[in-house]
Amino acid sequence: MAESNLILILGDQLSLEISSLKAADKARDRVLLVEVMEEATYVRHHKKKIAFLFSAMRHFAAELEEAGWQVDYVRIDAEENSGSFTGEAERFVERQDPAKVIVTEPGEWRVLEAMKAWPDKLGRPVDILTDGRFICCRAEFETWADGRKQLRMEYFYREMRRKTGLLMAGDEPEGGKWNYDAENRKPASSDLFMPKPLRFEPDEITREVLATVEGRFSDHFGDLEPFCFAVTRKQAEKVLAHFIEVGLARFGDYQDAMLTDEPFLYHSLLSFYLNAGLLDPLHVCRKVEKSYLDGEAPLNAAEGFIRQIIGWREYVRGIYWLKMPGYERENFFENTRNLPEFYWTGDTGMACLRAAIGQTRKEAYAHHIQRLMVTGNFALLAGIDPHQVHEWYLAVYADAYEWVELPNTLGMSQFADGGLLGSKPYAASGNYINKMSDYCQTCRYDVKRKTGEGACPFNALYWDFLVRNREKLQDNPRLRQVYSTWQKMKPDKRREYLDSAGHFLKSLK
Ligand code: FAD
Ligand code: DLZ
Ligand code: SF4
């Protein structure tokens, strides 16, 4: 018999279609999955995120064994567990002496760098294969980006539509337009019918994981229970079917809306499963396209959803690999303020932040506009160190892996890359939050008051941000109007704004 290989599958590669498995021989090779402290603590992940991944990994290992694979599974509490991918690969090599190691490229630069040292460390070849779950591989994105002055998502997205044929009528986009976002900006109200998310009772495997996570990671952020995530492919498929049945039709309309008592609205809650490998992005998009073709979902909803996946999701991954290393440390505004303590406790009088952070603690989830226009917007306006903001997002969301989190946080939300992802910073006063949510109705601050005692802090911070960063932003054509408004303001008013912001920032802990 030919010599056996080691097939290493990482916690976010839980797919039977993953390229490392595709390259393997079931009769000959051994699969290895490892729960390791380094991955659970390089940022202190939300307890729910760790529990979700450990449970999904254990269920996936069982699925592989049932399908006839030989699987080595190292649990976090195994006595001999070395605590890292490298250590576990070394231990496997000692145990089994495989001919070579086969692994699908990891989602994080940090892990890829470690793997590049493996041929020497392990004393045998290491094949690092392309991750076929993405529609656009790294090399294809590099070719697309090469020589372009601006890397606009919209143009990239059109290429992905052509490549996949999703919502295409021949060479033309379905309905005649590529993008129906103009129809997708409605605020929601609580009297709308809101779908409730599917919730899964923990089985024995999950209950065991929950006990372990409570025991080992009790000092990490977030509530562990109730734990209701899908942890198998079958369950994740049910989440997808549920979304298509009850959420998709209104997904577009209310994509940007926020309500205090409705953390999920019409969002799909699929990012956990897409990013961990339980669902395939193209499969998800084809199902959504079918719902439109069957007349069950409007075009603005189907197009909006598909754009998030084959557009934004693929695009941010391309940017990540194009710009790493180095991207992680970019800090265009040279911000140095520490992340306020309330990002970890939710203990703030600002109702919008309290709701978004409270929900994050409870669910390890917040939807896009909460991440961008509440927690992200505040950090941007207050001048928080973008690296600390990045580490917070990476830790607190159950869908967070650096390839997707970093460009969204550092680029889109904090403008720390100077505008690679967005043509202007996503900075907004309280007015935007008031328009898109019900948060201000119960806030102790008054969104209509611009300055002074009781005024919404976002209002003064907005102008303070623009004035503080004037040199860097004033030539931006999309901000000319705003700076001209500032110039036209009476000097007293301007002083009030800056004093208010200064006073607030001084009190920020
Ligand atoms: P839906 O609103 O239902 O959208 C459908 C799918 O589209 C999502 O599941 C996701 O796969 C994809 N998608 C939507 N927007 C984006 C985007 N901007 N980038 C990539 N994919 C997108 N998404 C992550 O998956 N992981 C992260 O760590 C992450 N960090 C973020 C940090 C910040 C500061 C911001 C502003 C956004 C971040 N996003 C991240 C994008 C987005 O917020 C989440 O994908 C989304 O909220 C997941 O919830 P959902 O599945 O209900 O999404
Ligand atoms: C996020 C995470 C955590 C918390 N734990 C593990 C783990 O114990 N074992 C594992 O294989 N993967 C884990 N992951 C996901 C990895 O961090 C992820 O695979 C890499 O960051 C590459 O994207
Ligand atoms: Fe947030 Fe200001 Fe509205 Fe309060 S008033 S919820 S701080 S935007």
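The values are calculated or read from the model by the stated rules, or taken from the named source; none is laboratory data. What you are looking at is a predicted structure, and each value in this text was computed from that prediction instead of being measured. Here the Cβ positions follow ideal geometry from the backbone for every residue, glycine too, while neighbour counts run over all protein chains shown.
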* For the stretch 126-184, which residues satisfy the criterion of being loosely packed, with under 12 Cβ neighbours inside 10 Å and either under 30 Å from V101 (Cα atoms) or of a type in the set (S, T, Y) (or both)? -> A139, T143
* Are there any pairs, at least 6 apart or on different chains, whose C-beta atoms fall under 8 Å, with the first in the stretch 68-81 and without any contact (Cβ under 8 Å) to a residue 40 or more places away in the chain and outside the structural domain of S55 (by TED's automatic domain parsing) and the second within 16 Å of ligand 3 (Cβ to nearest atom) and part of a strand (DSSP E or B), and if so, which? -> none
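Scan the stretch 222-243 for residues that are outside any helix (DSSP H, G or I) and on the phi < 0 side of the Ramachandran plot and jot them down.
D223, L224, E225, P226, F227, C228, F229, A230, V231, T232
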* For E328: the one exception among (1) buried (at least 22 other Cβ atoms within 10 Å of the Cβ); (2) among the acidic types (D, E); (3) more than 30 Å from T442 (Cβ to Cβ) -> (1)
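Please work out if D385 is of a type in the set (D, E, K, R), closer than 24 Å to E341 by Cβ and either surrounded by 23 or more Cβ atoms within 10 Å (Cβ to Cβ) or more than 9 Å from ligand 1 (Cβ to nearest atom) (or both). Explain how you work it out, then say what you get.
Numbers: of a type in the set (D, E, K, R): yes; closer than 24 Å to E341 by Cβ: yes; either surrounded by 23 or more Cβ atoms within 10 Å (Cβ to Cβ) or more than 9 Å from ligand 1 (Cβ to nearest atom) (or both): yes.
Here the answer is yes, as D385 does meet what is asked.
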* Has the stretch 389-399 got at least one residue that is away from ligand 3 (no atom under 13 Å from the Cβ), over 25 Å from I309 (Cα atoms), out of contact with any Cys (no Cβ under 6 Å at 6 or more places or on another chain) and not β-branched (V, I, T)? -> no
* To do: Determine if the stretch 353-367 includes at least one residue that is of a type in the set (D, E), within 22 Å of A416 (Cβ to Cβ) and either away from ligand 1 (no atom under 15 Å from the Cβ) or surrounded by 20 or more Cβ atoms within 10 Å (Cβ to Cβ) (or both).
  => no
* Asked: Residues of the stretch 1-60 being of a type in the set (S, T, Y) and closer than 21 Å to R110 by Cα, which ones?
  -> S19, S20, T41, Y42
* Structure fact -> Selection over the stretch 294-330 where residues are within 21 Å of K177 (Cα to Cα) and not basic (K, R) yields a count of 20
* Structure fact -> Screening A366, A302, A351 for residues that are over 15 Å from the mean Cα position of the chain (by Cα) and either in the same structural domain as A416 (by TED's automatic domain parsing) or at pLDDT below 95 (or both) leaves only A351
* Asked: Mind checking which pairs have a first residue in the stretch 408-437 that is within 13 Å of M153 (Cβ to Cβ) and at pLDDT 95 or above and a second that is among the β-branched types (V, I, T) and away from ligand 1 (no atom under 13 Å from the Cβ), Cβ under 9 Å, 6 or more apart or different chains?
  -> none
* Please determine, by comparing only the residues of the stretch 38-67 that are within 8 Å of ligand 2 (Cβ to nearest atom) and aromatic (F, W, Y), which one is surrounded by the most Cβ atoms within 10 Å (Cβ to Cβ). => F54
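Pick out the one residue from L274, L269, L278, L265 that is in a helix (DSSP H, G or I), touching a residue at least 12 places away in the same chain (Cβ under 8 Å) and among the aliphatic types (A, V, I, L, M).
Numbers: L269 fails: in a helix (DSSP H, G or I); L278 fails: in a helix (DSSP H, G or I); L265 fails: in a helix (DSSP H, G or I).
That would be L274, the only listed residue that is in a helix (DSSP H, G or I), touching a residue at least 12 places away in the same chain (Cβ under 8 Å) and among the aliphatic types (A, V, I, L, M).
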* Please give the helices (runs of 4 or more DSSP H) falling wholly within the stretch 408-509 in which 3 or more residues are exposed (fewer than 14 other Cβ atoms within 10 Å of the Cβ). => 480-488, 491-507
* **Residue under evaluation D399, criteria (1) without any contact (Cβ under 8 Å) to a residue 40 or more places away in the chain; (2) within 11 Å of ligand 1 (Cβ to nearest atom); (3) not in a helix (DSSP H, G or I), criterion not met** => (1)
* Structure fact -> Given the conditions (1) farther than 26 Å from K48 by Cβ; (2) not in a loop (DSSP other than H, G, I, E, B), every one holds for K362 apart from (1)
* Among residues belonging to the stretch 265-324 that are among the acidic types (D, E) and surrounded by fewer than 19 Cβ atoms within 10 Å (Cβ to Cβ), point out the one that is nearest to ligand 3 (Cβ to nearest atom). => E296
